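Peer 1: Sending over a structure as structure tokens; questions will come in a sec.
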Amino acid sequence: MRSSNPVFSRRGFSRTGGYAGFGAAPQAGSPAAGQGNPYAGGNPYAQGQAPTNPYAGGAQQNLTPEQLQQMYGAPPTGPRTAVMTMDDVVMRTGMTLGTVIVAAVAAWIAELPVGVGFGAALVAMVLGLVQSFKRTASPALIMGYALFEGLFLGVISQVYNERWSGIPMQAVLGTMAVFVGVLVAYKTRLIRVNARFQRFVIAAAIGFVLLMAVNLLFAAFGGGDGMGFRSGGLGIVFGIIGVVLGAAFLAMDFKQIEDGVQYGAPREESWLAAFGLTLSLVWIYLELLRLISIFRD
């Protein structure tokens, strides 16, 4: 099943309805809690079925001696290796975010032109979309996205800093605060990611993105700030909505990671977890950058 990010749509670990989190049992009320293991009965990662219990009730009590001999003579199913762990997710996320940060610092120091920054943003968007529609994780695409996204963030952050000194650091601290706050709220079950939560967030994100697109068109053809969604009182309201949406998708990323670890997703899926977290954090940073600039005015 696919989950949506405020920027891109991306595949989740759960093929039947799960999202992600950190290593505990599925949350009450979540699809995973209602269905048990979302991979049960159709787990694409399973390498075999355990022998049927010959002592179970029903027709299994009528097994012939030949069937029993065949059952007990079957080779044992060994433990499956190369499954995703929390360490894998942390390492891949560190690599991806580290690339974003290094590229952003390099772009800032080199004082790249604004045009180069927006060109990098377009390349990052294309790479992100390609990865989102792929059925498997591609580390090259994900790291390429992180590189070009970092170049764009370095350029746009410098532009904001020239007008509002110190605003990028404020946005970074705000993004870290949102991440920690959502993680604590998720771990303490103040936020419960279930099917209703998922549907509401996706619907709200689609409406938000459409409104921002319309506002951008009005600004491009009519001049000024378009419909005023990015300045004044409306700008503050929509900035707060953008941050809240980013936080909601961050919670869905946590649930996605939890299900991937809980149900034995392959190790390669940790790249998708890193990709999703990076998308959500970049979204939150950009929304905070705009929101703080409005307050500073």
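Peer 1: Only one residue in Ser165, Ser157 is surrounded by fewer than 21 Cβ atoms within 10 Å (Cβ to Cβ) and among the polar types (S, T, N, Q), so which one is that?
Peer 2: Answer to the selection: Ser165.
Peer 1: So, in the stretch 266-297, exactly how many residues are of a type in the set (A, V, I, L, M, F, W, C) and over 15 Å from Arg92 (Cα atoms)?
Peer 2: Going through the stretch 266-297 one residue at a time, the tally reaches 10.
Peer 1: Next question. What pairs can you find where one residue is in the stretch 151-168 and farther than 12 Å from Pro113 by Cβ, the other is surrounded by fewer than 20 Cβ atoms within 10 Å (Cβ to Cβ) and of a type in the set (S, T, N, Q), and their Cβ atoms are less than 9 Å apart, with a gap of 6+ or different chains?
Peer 2: That search, which allows pairs on different chains as well, returns Tyr160/Ser293; Arg163/Ser293; Trp164/Gln170; Trp164/Ser293; Ile167/Asn161; Ile167/Ser293; Pro168/Gln158; Pro168/Asn161.
Peer 1: Would you mention how many residues in the stretch 173-203 are under 21 Å from Leu289 (Cβ atoms) and of a type in the set (Gly, Ala, Ser)?
Peer 2: 3
Peer 1: Another one. Could you list, in sequence order, the residues of the stretch 126-150 that are of a type in the set (Phe, Trp, Tyr) and under 25 Å from Ala110 (Cα atoms)?
Peer 2: Those that are of a type in the set (Phe, Trp, Tyr) and under 25 Å from Ala110 (Cα atoms): Tyr145, Phe148.
For every residue, the table says whether it meets (1) buried (at least 16 other Cβ atoms within 10 Å of the Cβ); (2) under 15 Å from the mean Cα position of the chain (by Cα).
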site: Met227; (1), (2): yes, no
site: Gly232; (1), (2): no, no
site: Gly235; (1), (2): yes, no
site: Ile240; (1), (2): no, no
site: Ala265; (1), (2): yes, no
site: Glu269; (1), (2): yes, yes
site: Leu277; (1), (2): yes, yes
site: Arg296; (1), (2): no, no
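Peer 1: To continue, here is another question. Can you find a residue that is of a type in the set (Asp, Glu) and at pLDDT 90 or above anywhere in the stretch 222-229?
Peer 2: No, every residue in the stretch 222-229 fails to be of a type in the set (Asp, Glu) and at pLDDT 90 or above.
Peer 1: May I pose another question? Which one of Leu210, Leu183 is over 12 Å from Ala251 (Cβ atoms) and assigned to a helix (DSSP H, G or I)?
Peer 2: Leu210
Peer 1: Looking only at the stretch 259-281, count how many residues are in contact with an Asp or Glu (Cβ under 6 Å, 6 or more places away or on another chain) and part of a helix (DSSP H, G or I).
Peer 2: 5
Peer 1: Residues in the stretch 64-82: is at least one surrounded by 15 or more Cβ atoms within 10 Å (Cβ to Cβ) and either farther than 30 Å from Ser165 by Cβ or modelled with pLDDT of 50 or more (or both)?
Peer 2: no
Peer 1: Identify all residues within the stretch 118-141 that are crowded, with 23+ Cβ neighbours inside 10 Å and in contact (Cβ under 8 Å) with a residue 60 or more places away in the chain; write none if there are none.
Peer 2: Correct list: Gly128, Gln131.
Peer 1: Additional query: Considering only the stretch 103-118, I want to know if a residue exists there that is under 24 Å from Ala248 (Cα atoms), assigned to a helix (DSSP H, G or I) and either under 23 Å from the mean Cα position of the chain (by Cα) or hydrophobic (A, V, I, L, M, F, W, C) (or both).
Peer 2: No: zero hits.
The values are calculated or read from the model by the stated rules, or taken from the named source; none is laboratory data. Remember, predicted model here, so these are calculated numbers, not experimental data. Because the Cβ atoms are built from the backbone with ideal geometry, glycine has one as well, and the counts that use them run over all protein chains shown.
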